[in-house]
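The values are calculated or read from the model by the stated rules, or taken from the named source; none is laboratory data. None of these values were measured; they are calculated from a predicted model. Here Cβ is always computed from backbone atoms with ideal geometry, including for glycine, and neighbour counts include all displayed protein chains. When the accessible area is computed, the model is the full protein with side chains, heavy atoms only, and any ligands, DNA or RNA have been set aside. Shrake-Rupley method; radii C 1.70, N 1.55, O 1.52, S 1.80 Å.
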Amino acid sequence: MTHEEISHYRLVAQKLYKTSLCSPQEVVKHFGAMQAQDYAMAKWAIGSRCDSSEKEIEEAINSGKIIRTHILRPTWHFVSPDDIFWMLELSAPQVKRFTASAAKNFGYDEKKLNQTNNSIEKLLAGNNHLTRNEIMQALGITKTGSDDYLSAAIMMNAELDGLVCNGQMKGKQITYALLEERVPKPKTQLSKEEALAKLALRYFESHGPATVSDFSWWSGFPVTICKKTLNAIELQLNQITIDNQQYWFKKGLLDQDNFRESVLFLPSFDEILISYKTREASFNTEHQSKVFTNNGIFKPIILENGKVIGIWKRTVKKDHVKIETEFFKEIESSKKQILFEGIKSFETYLGTKSVIE
């Protein structure tokens, strides 16, 4: 297997060939967790893997069929209601180190955060969905600066404690709701080892071929723990060695002879890039600065046959969406017209026409 073949099989594992019909919530459950801090683009990450419209995906999020919260790493993720509690119990302790440190800078220790949680619970009880600003105003907490680090730390702590998650959108504003009012808490719990094994298997089946280092980066757990976890599930996976590096993937993946020519306009922070520590399978390193910045901002990408060939930007207008593209290499107009066919699924998803500039 070559890096080019790895990129192809990742398209298969990540459902980007759309070989079978699935709902938005099935896409999210397949991945375990999908990075989702750019809300508009994160919805398209789901939409690019199924035939649902943006409105249908937003309805799944508003109704609680898909949960958006902080989990795994200190960033937003989409996660299935079936997975939210065991995944939070597993990953929250490591992520809370970041929120605890941020909150402490403003005089909020664990005791004060717990007291704040109690107040938030009273505010949101009875399916009362409020924005972060509304919650902070009710708590008498004023903004601390342009990025409002204190309120972010307070709400992320409440998410990691399993108290809150996303609520229904209020116009274009994100709200919070009580998690247990949206998702019934399961009666059984997984041990840490069981949860790690479940998370690892989900990752390698939905992202493979991938390495232990990739799983460590995606999950936020140290490589030593990830290696031990992989040892426990290795019989459920296949592996191949390339350049002395082991890649793990779902059994039967290599039997799927479904390579096809493909052009995909994928969102910023898409799992096809963000979920791997190294990304040489997807693009040449000379283009790295155009694909993502040094501080970890990933751009929307144009993928041809598994390789990033450019970046794009969308601007939503009243009656259309404007698409601007930047290709890494000069491309003939006739070839561009072929490539632009890849944007049609985005038009269908939005339910509006696109104008390419």
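Of the options Trp248, Ser275, Ala60, report the single residue whose Cα projects farthest towards the positive end of the charge dipole of the chain (beta-carbon charges: Lys, Arg +1; Asp, Glu -1). The residue sitting farthest along the positive end of the dipole is Ala60.
For the pair segment 239-309 and segment 140-212, the centres of their Cα atoms are 26 angstrom apart. Note on Thr293 and Lys313: with the Förster distance fixed at 22 Å, the Cβ-Cβ geometry gives a FRET efficiency of about 0.90.
Accessible surface for segment 288-333, divided over its residues, is 58 Å² per residue with a 1.4 Å probe. Compactness ratio for segment 25-68: Cα radius of gyration over 2.2 N^0.38 Å (N = residue count) comes to 0.99. Annotation for segment 1-24 versus segment 56-102: alpha-carbon center distance of 24 Å.
Convex hull of alpha carbon positions in segment 1-118: directionally averaged projected area 9.7 nm².
Computed from the Kirkwood radius of its Cα pairs, the Stokes-Einstein diffusion coefficient for segment 129-174 at 37 °C and 0.692 mPa s stands at 292 µm²/s. For the pair Ile240 and Ser191, a Förster radius of 30 Å applied to the C-beta separation gives a FRET efficiency near 0.50, rounded to the nearest 0.05. When the alpha carbon coordinates of the chain are projected onto the principal axes, the ranges are 60, 53, 36 Å, largest first. Each pair of Cα atoms in segment 84-174 enters the Kirkwood radius, and Stokes-Einstein at 37 °C and 0.692 mPa s then converts it into a translational diffusion coefficient of 240 µm²/s. Placing one equal scatterer on every Cα of segment 256-311 and applying the Debye formula, the log10 ratio I(q)/I(0) at q = 0.17 Å⁻¹ is -0.51.
Between Lys336 and Glu261, the distance separating the two model label sites (each 7 Å from Cα on the Cα→Cβ line) works out to 1.9 nm. Principal semi-axes of the equivalent ellipsoid, √(5λ) from the alpha carbon gyration tensor of segment 190-301, are 25, 18, 13 Å from largest down.
Straightening the chain between Thr224 and Thr278 buys 17.6 nm, computed as 0.36 nm per residue apart minus the Cα-Cα spacing. About its Cα centre, what dipole magnitude does the chain give when the only charges are +1 on Lys and Arg Cβ and -1 on Asp and Glu Cβ, stated in debye to the nearest 20? Dipole size: approximately 640 debye.
Our summary of shape: the Cα atoms of segment 158-232 have principal axis extents of 44, 31, 20 Å, ordered from largest down, in whole angstrom. Peptides 242-250, 20-28, 285-293 ranked from most to least packed by the mean count of surrounding Cβ atoms within 10 Å: 20-28, 242-250, 285-293. Think of it as helices only: each DSSP H run of n ≥ 4 in the chain is worth -39500 (n - 2.57), and spread over all residues that comes to -12500 deg cm²/dmol at 222 nm. A probe of 1.4 angstrom, applied to the heavy atoms of all protein chains, finds Thr188 with accessible area near 110 square angstrom. Note on Phe327 and Asn118: the model spin-label points, each 7 Å out from Cα along the C-beta direction, lie 6.3 nm apart.
Take the Cα of Ala232, step 7 Å toward its Cβ, do the same at Ser101, and the gap between the two points is 2.7 nm.
In the distance distribution for segment 238-357, Cα-Cα pairs more than 20 Å apart total 51 percent.
For segment 275-348, a crude dipole built from +1 on the beta carbon of Lys and Arg and -1 on the beta carbon of Asp and Glu, taken about the Cα centre, is about 260 debye to the nearest 20. How far is helix 84-104 tilted, in degrees, relative to the longest principal axis of the Cα atoms in the chain, given as a value from 0 to 90 rounded to the nearest 10? Value to nearest ten degrees: 70. Put simply, the C-alpha atoms of segment 228-288 give a gyration tensor, and the ellipsoid matching it has half-axes of 25, 17, 13 Å, longest first.
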